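The values are calculated or read from the model by the stated rules, or taken from the named source; none is laboratory data. Quantities reported herein were computed from a predicted structural model and do not represent experimental measurements. Here Cβ is always computed from backbone atoms with ideal geometry, including for glycine, and neighbour counts include all displayed protein chains. Side chains included, ligands, DNA and RNA excluded: accessible areas come from the protein's heavy atoms. Shrake-Rupley method; radii C 1.70, N 1.55, O 1.52, S 1.80 Å.
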Amino acid sequence: MKKYYIAILIILITSSLFSCRRKEEIIVVDLPPVQVLEQRTNFAVIMSPHLRLRTEPSVQSRAIITLWRGYILEIVSRSPRRDTVDGKEDFWYQISFSGLRGWVFGAHIMLVPSLERAREEALKLKQ
């Protein structure tokens, strides 16, 4: 019985020794201030009678949905290079619309700097 107490005592002592950790040092790194990039959201209004929202910036890519004249789109990004579609040269724009995200060809939209301006332009198209 005495051997069991000694074994338990040894286990307790070794586990307590290994469970003690040194306090971790927190290293503070001072970084130089950097210029914050301006986050700006652009909007667009569809000018053509209808426009296909596509999965990729290409007329060969699958159409997700058809969008109509006067719809307001939020611009997410722009393709790095211009493309030519039906004789018109422009960029492809990745947009967000009602929870959908896809690409539209820029020759069929009007870019505007704000949501208020987009609403004004959309209202003009409906008159």
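Below are the figures for this structure:
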quantity: Cβ-derived FRET efficiency at R0 22 Å, HIS50 paired with ASP83, nearest 0.05; calculated: 0.70
quantity: Accessible-area ranking of PHE105, PHE43, largest first, probe 1.4 Å; calculated: PHE43, PHE105
quantity: By average C-beta atoms within 10 angstrom, highest first, the peptides 58-67, 45-54; calculated: 45-54, 58-67
quantity: Residue order for THR55, THR84 - accessible surface, 1.4 angstrom probe, largest first; calculated: THR84, THR55
quantity: Alpha carbon Rg of the stretch 78-127, scaled by the compact-globule rule 2.2 N^0.38 Å; calculated: 1.28
quantity: Relative contact order computed over the stretch 73-127 (Cα-Cα under 8 Å; 6+ residues apart), in percent; calculated: 25 percent
quantity: Stretch gain in nm, segment ILE8-GLU120, where the contour uses 0.36 nm per residue and the Cα spacing is subtracted; calculated: 32.2 nm
quantity: Ellipsoid semi-axes in whole angstrom, largest first, where each is sqrt(5λ) of the Cα gyration tensor of the stretch 37-121; calculated: 19, 15, 13
